[in-house]
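Step one of this worksheet: look at the structure below.
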Amino acid sequence: MPAYEKVMKTFSTPADAPDPWNIVAFAQVLTIDRFLNEVGYGHITPAAVLAKAKAFTGPVALGAPALDCGKYSSAPAVCNDRTQFFTYEGHFKWTKVAGWLQPPS
């Protein structure tokens, strides 16, 4: 969270920081940056980046610790079925009340 908070402080307004879609977008940018760095500057092609993305199983920054895209054939883009819960204490303070939970087996 410190990196996210620093970016939000620099490029956004405090009211937007807790928006969950901003956090998702930030994590997606970090993940894509990871793919690009792993492929290497001189080797970036759509096919190379797609291969990295298809092979990626996590973890995702600020997200699920593991991914399994295609686990659900009716929703192949659903790559994780875990969640965690927080209580909002006000003034941008959150307290985790449950770690990563997964569906019952």
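The values are calculated or read from the model by the stated rules, or taken from the named source; none is laboratory data. Keep in mind that what you see is a predicted model, and the values were worked out from it rather than measured. For neighbour counting, all protein chains shown are included, and Cβ atoms are generated from backbone atoms with ideal geometry for every residue, glycine included.
Key figures
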quantity	calculated
Residue, modelled with the lowest pLDDT, within the stretch 1-35, restricted to residues that are in a helix (DSSP H, G or I) and of a type in the set (Ser, Thr, Tyr)	4
Number of the condition not met by residue 54 [criteria: (1) basic (Lys, Arg); (2) surrounded by 12 or more Cβ atoms within 10 Å (Cβ to Cβ); (3) within 19 Å of residue 30 (Cβ to Cβ)]	(2)
Residues being within 17 Å of the chain's Cα centre (by Cα), among the basic types (Lys, Arg) and outside any loop (DSSP other than H, G, I, E, B) - total across the stretch 39-95	2
Residue match in the stretch 4-12 (condition: of a type in the set (D, E, K, R) and over 18 Å from the mean Cα position of the chain (by Cα))	yes
Some residue of the stretch 65-74 being basic (Lys, Arg), touching a strand residue (DSSP E or B) at 6+ places or on another chain (Cβ under 8 Å) and surrounded by 12 or more Cβ atoms within 10 Å (Cβ to Cβ)	no
Residue 18 surrounded by fewer than 14 Cβ atoms within 10 Å (Cβ to Cβ), touching a residue at least 40 places away in the same chain (Cβ under 8 Å) and farther than 14 Å from residue 63 by Cβ	yes
Condition broken by residue 103, with the remaining ones in (1) at negative phi; (2) touching a helix residue (DSSP H, G or I) at 6+ places or on another chain (Cβ under 9 Å); (3) in a loop (DSSP other than H, G, I, E, B) satisfied	(2)
